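**Q** Got a structure here, written out as structure tokens. Questions coming.
Rule-based calculations on the coordinates, nothing more; no lab input. Because the structure is predicted, anything quoted here is derived from the model rather than measured. Heads up, the Cβs are rebuilt from the backbone with ideal geometry, glycines too, and the neighbour counts pull from every protein chain shown.
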Amino acid sequence: MDTKTLRTKSVPNLMQEIQDIQNRLKELRFKRSSNQLKQVREIRDLRRTIARIKTILGQIQIEELINKAE
């Protein structure tokens, strides 16, 4: 998922997205351990998507703090 679509989502939607991705990641790790996973790269892509979402959430918090201080 690209950052442009992630930035359009609200904070609760982003939190739900993280939960969904973490559940998918858990499934993929289990499949990898039992040698059933063919596309191992998907694990890396999901981890990076989680990092993108967390970065966006952090930026939103900083913007809120700045707006509150003004």
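**Q** Scan segment 33-51 and give yes if some residue there is in contact (Cβ under 8 Å) with a residue 24 or more places away in the chain, farther than 17 Å from LYS9 by Cα and in a helix (DSSP H, G or I), otherwise no.
**A** yes
**Q** Also, quick follow-up: Applying the selection to segment 21-47, what residues are of a type outside the set (A, V, I, L, M), under 30 Å from GLU64 (Cα atoms) and surrounded by 11 or more Cβ atoms within 10 Å (Cβ to Cβ)?
**A** GLN22, ASP45, ARG47
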